[in-house]
Amino acid sequence: MTQHLIAIDLDGTTLNNQSQLTDLTIKTLRKLSDMGHMIVIITGRPFRTSIGIYQQLNIKSPMVNFNGAYCHFPSQEAWLPQYHLELDREIALEIFSHQEELEIDLICAEGINQLYTSSTKLPDSPFYPASDAKYVKLSRKSLTQNPTALTLFSREEKQESIQKRILTKYGDIVSVRTWGGEFPVLEVVKKGINKSLGVKTIADFYHIPRQNIFAFGDEDNDLEMIDYAGRGVAMKNAIPKIKAIADDQTDFTNDQDGLAKYLINTFELTFI
């Protein structure tokens, strides 16, 4: 068998519109993993809101969080290729100090296991569940280390202007991308970080050639990953920019098991 690396975005791709895994998706991805293929979650989500999905899939492979800023193997602390690329703390605090001027409703500074927020009133979304670990009010005093990323919430029509203003000032040192599917947000990370960095790191370590990499996505933050993969696959519900550069497209949306059905057909899977 030729081993493939199957890189999967979560929101808008692997998860349905209720941010859940369906039985068919779980069964399909577990089957491929049992066959020896490497199923790798590549998500904009932080580790704290994606580890449960990883565990539900019951796969044994690395994963990538924060759109490529954190690459790790959850059950192997000493995994050699692990990396963590941080955002400069001073940039995070300066954006925070201009929150009102930028028309940002909420700023979340993300660490691997800690969340700092500009308000205790968090949005009702799967990215910030009420049952999550404690949140800390964002301030110069509380944020003592470099964060991994900043997540910016605003009205959707304001996102483009916020992105432009941040890039005008910090464009040489940060990247600003959109992610979130049904709950779109802006994310600020260190410049040069994107999902393809994580995919390449994992593929190189396990000697999986580029032509044996599948990548599935739907949003702007999946662009480099889709373009890098030997077969980049756009979800039927993907934005036009992703469909334009993809090698293929699913016949069904994320809410219709599009990922699972595509993999079943491609790998000719049967279930007993």
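Every condition in (1) within 21 Å of the chain's Cα centre (by Cα); (2) under 23 Å from residue 83 (Cα atoms); (3) open to solvent by 20 Å² or more (accessible area, probe 1.4 Å) is met by residue 172 except one, and the failing one is (1).
Of the residues making up region 21-56, those that are of a type in the set (S, T, N, Q) and over 15 Å from the mean Cα position of the chain (by Cα) are 22, 25, 28, 33, 55, 56. The set of residues from region 182-217 being over 23 Å from residue 5 (Cα atoms), buried (at least 20 other Cβ atoms within 10 Å of the Cβ) and touching a residue at least 60 places away in the same chain (Cβ under 8 Å) comprises 187, 188, 189. Restricted to region 18-28, and to residues there that are over 22 Å from residue 249 (Cβ atoms) and in a loop (DSSP other than H, G, I, E, B), the residue that is least open to solvent (accessible area, probe 1.4 Å) is 19. Taking the numbered list (1) over 19 Å from residue 111 (Cβ atoms); (2) surrounded by 19 or more Cβ atoms within 10 Å (Cβ to Cβ) in turn, residue 43 passes all entries but (1).
Taking first residues from region 2-17 that are open to solvent by less than 10 Å² (accessible area, probe 1.4 Å) and partners that are among the basic types (Lys, Arg) and part of a helix (DSSP H, G or I), the Cβ contacts under 8 Å between residues at least 6 apart in sequence or on separate chains come to 7/195; 9/195. Selection of first residues in region 146-168 that are in contact (Cβ under 8 Å) with a residue 24 or more places away in the chain and basic (Lys, Arg) and of second residues that are assigned to a loop (DSSP other than H, G, I, E, B) and surrounded by fewer than 17 Cβ atoms within 10 Å (Cβ to Cβ), restricted to Cβ pairs under 6 Å at least 6 apart or on distinct chains, gives the following pairs, ordered by first then second residue: 158/103. Would you call residue 209 under 29 Å from residue 228 (Cα atoms) and modelled with pLDDT of 90 or more? Judged against the criteria, residue 209 is a match.
Restricting attention to region 60-85, the residues that are surrounded by fewer than 19 Cβ atoms within 10 Å (Cβ to Cβ) and part of a loop (DSSP other than H, G, I, E, B) total 12.
If the condition is being over 19 Å from the mean Cα position of the chain (by Cα), open to solvent by 50 Å² or more (accessible area, probe 1.4 Å) and under 17 Å from residue 5 (Cα atoms), then region 228-265 contributes 247, 248, 265. Evaluating residue 93 against the criteria (1) out of contact with any helix residue (DSSP H, G or I) (no Cβ under 8 Å at 6 or more places or on another chain); (2) within 20 Å of residue 135 (Cα to Cα); (3) modelled with pLDDT under 95 leaves one unmet condition, (3).
The values are calculated or read from the model by the stated rules, or taken from the named source; none is laboratory data. Just so we're clear, the structure is a prediction, and the values are computed from it rather than from any experiment. Quick reminder, even Gly has a Cβ in these numbers, built from the backbone with ideal geometry, and neighbours come from all protein chains shown. Quick note on the areas: whole protein, heavy atoms, side chains included, nothing else; ligands and nucleic acids left out. Shrake-Rupley method; radii C 1.70, N 1.55, O 1.52, S 1.80 Å.
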